[in-house]
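Reviewing the structure listed below.
The values are calculated or read from the model by the stated rules, or taken from the named source; none is laboratory data. Source: prediction; values computed, not measured. Note that each Cβ is placed from the backbone with ideal geometry, even for glycine, and that neighbours are counted across all protein chains shown. Ligands, DNA and RNA are excluded from the accessible area calculation, which covers all protein heavy atoms including side chains. Shrake-Rupley method; radii C 1.70, N 1.55, O 1.52, S 1.80 Å.
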Amino acid sequence: MMAVDRGLAVLCIVVFLGLTTLAGRFRFPRVSTVATSAIVAGLVAARISYVAAHWASYVEAPLSIFAVWQGGFSPIAGIIGAAAMLAFQLGRTRALAVGWGALAIAGGLWFTLQVLVPPVTYGPFPYHLTLTTPSGAPLPLARFRGRPFVVNLWATWCGPCQRELPMLDAAATRNRDVPILLADQGEAPAIVTGFLTREGIGVSNVALDPARGLSQAFEVAGYPATAFVAADGTIVQLQLGELSRAALADGIDMARKHR
């Protein structure tokens, strides 16, 4: 499943390519030939801007800057970067005006859809569920009621889960004011504890959900999935796929500020 914001970004890129292709078929062939490089420049600028704004999250692991599949792009910086590349390649010509016009339409479409598309709602958090600790003790989720927290759904066989789990465990240990629960989905205790031992991950932030009750409540079939829950039980964000440090910090901040 693709996140709504990424889907809208892809749609607007397709619109930009379509408009520049039409311009190329008529009177401005150079516009279509530079469209791809403008998109690349926009993506690079958008990524650089996002990383700069979240540098505190990337400084601990600089190589994660290149993990673009985790998301993290600044739309305004992307539009500016694309516009600059068009200006560099087309110069002060009528083709530049056409290219900028196509970019303005695509950018305007993105901002319009951001306003018109209703926010995704995930419903209340299922506090009635009870998980277990790796040692077999009951762990009622109601204990988190009244405070913001994060729940990450994962499995030992999931590659992206394996990559992000050490970062999430470290964040959970460091940020006690906003608990981060790492809820394994559907696996036996021996499998989970063996994996944790091999990977050097503690059990204090881990829970077992053998019936996959959280997966059913969140209506997710793939992992990892991370829910950010506000103090009133509202799931303010549900991110599917691998999580970056910056996205984790943004989600926690959103859960804290929700009213």
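Quick notes
- Rounded tilt (10° steps) of 94-116 against the dominant C-alpha axis of the chain: 30 degrees
- Heavy atoms of His54: accessible area, 1.4 Å probe, square angstrom to 10: 40 Å²
- Apportionment of accessible area to carbon and sulfur, the range 153-259, percent (1.4 Å): 53 percent
- Shape summary of the range 137-227, radius of gyration then Dmax from alpha carbon positions: 12.3, 35 Å.
- Simple spin-label estimate for Leu22 and Asn175 gives 4.4 nm between the two label positions (7 Å along the Cα-to-Cβ direction from each Cα).
- Taking a ≥ b ≥ c as the square roots of the eigenvalues of the alpha carbon gyration tensor, the range 1-130 is oblate, as a/c is not under 1.5 and a/b does not beat b/c.
- For the chain, the dipole from Cβ point charges (+1 on Lys and Arg, -1 on Asp and Glu) about the Cα centre works out to 920 debye, to the nearest 20.
- Taking every DSSP helix (H) stretch of at least 4 residues in the chain, weighting each as -39,500 (n - 2.57) and dividing the sum by the residue count yields a mean residue ellipticity at 222 nm of -17000 deg cm²/dmol.
- Approximate shape of the range 90-196 as ellipsoid semi-axes (Cα gyration tensor, √5λ), whole Å, largest first: 45, 19, 13
- Taking the 1.4 Å solvent-accessible surface of the range 1-60 as the whole, the part contributed by carbon and sulfur is 72%.
- Zone of Thr133's modelled label, taken as backbone nitrogen in the range 196-224 under 16 Å from a point 7 Å along Cα→Cβ: 202-209
- Here the chain carries DSSP beta bridges of which approximately 60% are antiparallel, counting only pairs with both residues inside.
- For the range 143-237, the relative contact order works out to 42 percent when only alpha carbon pairs closer than 8 Å and six or more residues apart are counted.
- 0 to 90° range, to nearest 10: angle between helix 189-199 axis and the chain longest Cα axis: 60 degrees
- D_trans [Stokes-Einstein, Kirkwood Rh over alpha-carbon pairs] for the chain, 4 °C, 1.567 mPa s, µm² s⁻¹: 64 µm²/s
- Counting only protein heavy atoms and a 1.4 Å probe, the range 120-167 has 48 square angstrom of accessible area per residue.
- Gyration tensor verdict on the range 1-51 (Cα atoms; rounded if a/c is under 1.5, prolate if a/b is larger than b/c, oblate otherwise): oblate
- Cys residues of the chain counted as unpaired, since no other Cys beta-carbon is under 4.7 Å: Cys12
- For the range 87-199: relative contact order, % (alpha-carbon pairs under 8 angstrom, 6 or more apart): 20 percent
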